[in-house]
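Q: Structure below; questions to follow.
The values are calculated or read from the model by the stated rules, or taken from the named source; none is laboratory data. Since we're looking at a predicted model, the values are computed, not measured. All Cβ positions, glycine included, derive from the backbone under ideal geometry; neighbour counts span all protein chains shown. To get the accessible areas, we keep the full protein, side chains included, count just its heavy atoms, and leave off ligands, DNA and RNA. Shrake-Rupley method; radii C 1.70, N 1.55, O 1.52, S 1.80 Å.
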Amino acid sequence: MWSRKSAMLGSLAVAMYLLGLTLRNSQLVTIAVVIFVFLTWAALFGSHADVSASGRRAEEWSGEEGVSLSNVSAMRKLSSARIFEDGDVGVTLRMQNHSALGKILEVKDRVPEVMRIKDGANYILMELGPRRETFIEYTVECPLRGFYSLGPVAVRVQDPFGLFHKEKELHVYNDFLVFPKMEDLKETFVKSRVPKIFTGAVNIRQPGPGSEFYSLREYFEGDSFRSINWSAYARSGKLMVNERERDAVSDIILIVDSRAVSETGPVSRNALVYSTRAAASLAKYFLGRRDSVGLITYSDEVVSVDRDTGKKQLYVILTKLAGAMAKGNIPLQVVVNRILPHINKGSPIIVLSNLEDDPTIVSALRDFRARDFDVTVLSPSSLEFEFDAKRLDRTGYEVLKTERDVLISELRGLGVNIMDWEPDMLLSTALAGARGF
Amino acid sequence: MAMKSGDTAHLYDGKTVRSAAPSRKKLAGTASSTGEIPKDAIPTVEIPTFIESLLGGPLVPKMKFLPADKMVQNLQLGCYGVLIALGILTYIVTPAVGTLWFAITGSMAAANILQLMVVVGAVGTGFWGTMSRDARFMLTSYVLFIVSVMRFASSKVSLSQDLFGFGDSQFMLTVLVVIYAVLLVMYFELSNGVLRFSMLDTSIRTREVYVMNVKKIIGKYHRSLVINPIIAGSLAMLVLSVNTILPAFVSLFSEQTALRMEESVELISVYGVALGTLFVFLIVGGLFALDLPTHLQSWRENKD
């Protein structure tokens, strides 16, 4: 394939040749001849490579492969197919030359744009001997959740002057999944008031037969003598009994707003990023507590993960969160109408949304509260993200902030535990704020 | 949309405050104290200039080169050397007679001065372009060199300075012109190489590219810098010696015709050169038409 350089030299040579004949100038013709010879020689014997001489990058492949690349193959191995945000994936690319000729190759293993090369390089210029192989190792850092694919491998050979090149895409792909990052939660203060009998019961925030201390109260007739707190009796002179938390399993419903508006703000700092991280952390926490956790994400469709318990459920939820794309604009009311008949009364519901561009938020959350659901809203403020990124000026910010505060106050008036989650706030702090602790 | 500073009433007009916050994507473009649209809210669209689209990319590379390494410095030195030799040869093989300046001024002295200025300009911009690794100056230098050689010349090569009496020997004249042409092409390549290897070196040092066995790769380039000019020069000599090769071939059949051909003005003129070129490249074209390079490559790839 001709490079820009060879095309320009070729055109120059033709022009000089014709001009030389017209002007009867043998110098011009001689220069043209020398250029022609240069080009011919490079085209005939140009099976070896140099880098970037054509000014074209390896990704601009247009499909001319040639014999010299037919014997080159690649294989790739990843250190892990599932990682968490900010995690690293080690990549080992094995390049093989099956031909009897040594080659100087320019190899570029294509990495998704959002990823950073942490160690090594995915763009290599190398000499690969006859019937030899080499291993290229590099590490990519994955700062954002999602489904990703590595590949294809672009290979190029050029003549030493970069006049002609041959390119090939080796269609070797490796998929991997980046889960949202999780925060360790010590205590979330979210517990159901309605017991649900299951094996492996855990505490809910109501007194009852259980093992964890809940509070002290005065002794009533019929109370077991074993539950009398003698130290408290000694202090107060009244018979006091220990109350314990009732052991039970709660159903936790996580609702993640993944509408187009949730991605407002910088790529790495927006409401959707925060919401998915929070949902992952909460899912891990509740599942660790043996609660049953369900997930609903809404964008241009409502996607739900049925309530379940255990480690497998965590992976199902994490996979759904990894694939949550910001699109569409389904109102929360639609989600509420759809899930209301299917969730147990009194189940804690945690909504993760920036509360923007949805006029049904108030009525949707009112519906939940009217049925006595314990609703917690964590609202990552994309106003702050945009203000920090200097995309919003002070006046606009103040106006919108006021509107947001009004909305939050209104929701709080409905009995919703709500927290305006600012960018630098830890999830546990935001949760504690929402629950009024 | 001009708005008074600090007046935000317009933002509430027709809106129910208790509803959800309005889309800030929309407001980012409108709400500001001055009413101006923030720069960030406007997507940037880069449209290449005419020159950029002609060259397929920016003339001035956006990549800033790191200080030249040894390889680049060597190339720069080589380029300076070639440039000096080329400047001298250009001046010798392109006398002012027949130049555009001579046609305009009609004065030999003025044409000489102008031609000298063009050559000096070509060398000067070449030097500066190579030293500062700036493609714009290099391109100017290329253009000036080509302009300097554009003359209405007689078919025979003439020299502006003939200190060594090369003008008397047709063979030496041919050699001189071939060396001049090879040097010009070498200058194109070396100056281009300075930019390419600066890019490569910067990419290596910024860890964009990893190079395994740099010496071997550079060695290949160095070898090519020696071999290619020799081959190009030899083949060009072959093409330009058509007035001796053709008669030698014809002499096998007719001595008389061969002698006449040898003395033919046309054959030693530019048309003879053109004829030789045509012959050589007809053969080369034939080889390519038969896809010989691919067969050759295929054979070399698969041999045990």
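Q: Assuming R0 = 35 Å, what is the FRET efficiency of A:R116 and B:N213, from their Cβ-Cβ distance, to the nearest 0.05?
A: The value I calculate is 0.85.
Q: I would also like to ask the following. If you take the accessible area of B alone, add that of A alone, and subtract the area of the pair, what total do you get in Å², probe 1.4 Å, to the nearest 100? Kindly include the intermediate steps, with their values, before the conclusion.
A: Details: alone 20650 and 21600 Å², together 34750 Å².
When B and A are taken together, about 7500 Å² of accessible area is lost.
Q: Next question, about the same structure. Round to a whole angstrom and tell me the spacing of the C-alpha centers of the stretch B:62-101 and the stretch A:322-346.
A: Here the two parts' Cα centres lie 71 Å apart.
Q: Threshold 40 Å², probe 1.4 Å: give the residues of the stretch A:84-103, in number order, that are less accessible with all protein chains present than with their chain alone.
A: SASA drop of 40 Å² or more in the stretch A:84-103: A:A100, A:L101.
Q: Follow-up. Check each residue of the stretch B:211-232 and keep those whose accessible area, probe 1.4 Å, is at least 30 Å² smaller with all protein chains in place than in the chain alone; give them in order of residue number.
A: B:M212, B:K216, B:I217, B:K220, B:S224, B:N228, B:I231, B:A232
Q: Starting from the Cα of A:R132, step 7 Å toward the Cβ, then list every residue of the stretch A:68-106 with an amide N under 16 Å from that point.
A: A:72-73, A:94-106
Q: What is the distance in Å between the Cα centroid of the stretch A:365-436 and that of the stretch A:98-113?
A: 51
Q: So, one more: A:S268 versus B:A248, label points 7 Å from Cα toward the beta carbon: distance in nm?
A: Computed distance between label sites A:S268 and B:A248 equals 7.0 nm.
Q: Using a cut-off of under 20 Å, list every residue of the stretch B:98-126 whose amide N is near the label point 7 Å from the Cα of A:T22 along the Cα-to-beta-carbon line.
A: Label zone hits: B:98-104.
Q: May I ask you to derive the FRET efficiency for A:I228 and A:V303 from their Cβ-Cβ distance with R0 = 30 Å, giving the value to the nearest 0.05?
A: For R0 = 30 Å, the calculated efficiency reads 0.05.
Q: Roughly how tilted is helix A:311-322, in degrees to the nearest 10 and between 0 and 90, from the longest Cα axis of chain A?
A: 50
Q: Among B:246-253, B:234-241, A:28-35, how do they line up by average Cβ neighbours within 10 Å per residue, starting with the highest?
A: The densest-packed peptide leads the list: A:28-35, B:234-241, B:246-253.
Q: Further question: Starting from the 7 Å offset along Cα-to-Cβ, what nm value, one decimal, do you get for the label separation of B:K64 and A:A81?
A: 4.5
Q: Right, something else. Give me the accessible area per residue for the stretch B:70-241, probe 1.4 Å, as a whole number in Å².
A: Values: 7690 Å² over 172 residues.
With all protein chains present, the stretch B:70-241 gives 45 Å² per residue.
Q: How far, in nm, would the chain grow between B:M108 and B:H222 when pulled straight, counting 0.36 nm per residue and subtracting the alpha carbon separation?
A: Full-extension gain reported as 36.8 nm.
Q: Gain in length, A:S236 to A:S215, computed as 0.36 nm per residue apart minus the alpha-carbon separation, to one decimal in nm? Each step should come with its number before you reach the end.
A: Numbers: separation 21, 0.36 × 21 = 7.56 nm, distance 1.52 nm.
Going from the current span to full extension adds 6.0 nm.
Q: For helix A:271-288, what angle does its Cα long axis make with the longest principal axis of chain A, in degrees from 0 to 90 and rounded to 10?
A: Approximately 50 degrees, to the nearest ten.
Q: Oh, and also: For chain A, find the longest principal axis of its Cα atoms and tell me its angle to the long axis of helix A:26-45, 0 to 90°, nearest 10.
A: Computed tilt is about 50 degrees.
Q: Tell me the mean residue ellipticity at 222 nm calculated for chain A from its helices only (DSSP H runs of n ≥ 4, each -39500 (n - 2.57), averaged over every residue, nearest 500).
A: Helix-only estimate at 222 nm: -9500 deg cm²/dmol.
Q: Quick check on my link table: of A:K103/B:K215; A:K108/A:K166; A:K181/A:K320; A:K168/B:K64, which ones sit more than 19 Å apart, alpha carbon to alpha carbon? Spell out each step's value before the answer.
A: Values: A:K103/B:K215 15 Å; A:K108/A:K166 14 Å; A:K181/A:K320 14 Å; A:K168/B:K64 29 Å.
A:K168/B:K64, as the Cα separations exceed 19 Å there.
Q: Oh, and also: Keeping the other protein chains in place, figure out the carbon and sulfur percent of the accessible area of chain A, with a 1.4 Å probe. Mind dumping the intermediate values first?
A: Working: 9210 of 17850 Å².
Of all accessible area on chain A, carbon and sulfur atoms account for 52 percent.
Q: If you don't mind, another one. For the stretch A:4-45, how big is the tail of P(r) above 11 Å, as a whole percent of Cα pairs? Walk me through the numbers before you get to the answer.
A: Working: 503 of 861 pairs.
Everything past 11 Å amounts to 58 percent.
Q: Right, next: If you take the alpha carbon radius of gyration of the stretch A:280-437 and divide it by 2.2 N^0.38 Å, what ratio comes out, to two decimals?
A: Rg over 2.2 N^0.38 Å, computed on Cα atoms: 1.06.
Q: Further, regarding this structure: Given 25 °C and 0.890 mPa s, how large is the Stokes-Einstein diffusion coefficient of chain A in µm²/s, with Rh as the Kirkwood radius over Cα pairs?
A: Once the numbers are plugged in, D ends up at 92 µm²/s.
Q: Just how much of A:Y148 is accessible, in Å², when a 1.4 Å probe is used and the result is rounded to the nearest 10?
A: Rounded to the nearest 10, the figure is 40 Å².
Q: Which percent of the Cα-Cα distances in the stretch A:297-385 go past 20 Å?
A: 40
Q: If you don't mind, there's one more thing I want to ask. If you take the square roots of the eigenvalues of the alpha-carbon gyration tensor of the stretch B:70-241 and sort them as a ≥ b ≥ c, do you get rounded (a/c under 1.5), prolate (a/b over b/c) or oblate?
A: Here the stretch B:70-241 falls in the oblate category.
Q: Now a separate question. How far, in nm, would the chain grow between A:M8 and A:S73 when pulled straight, counting 0.36 nm per residue and subtracting the alpha carbon separation?
A: 20.1 nm
Q: Another one. Please give, to one decimal in nm, the separation of the simple spin-label points placed at A:A389 and B:T206, each 7 Å out from Cα toward the Cβ.
A: The two pseudo-label positions are separated by 2.4 nm.
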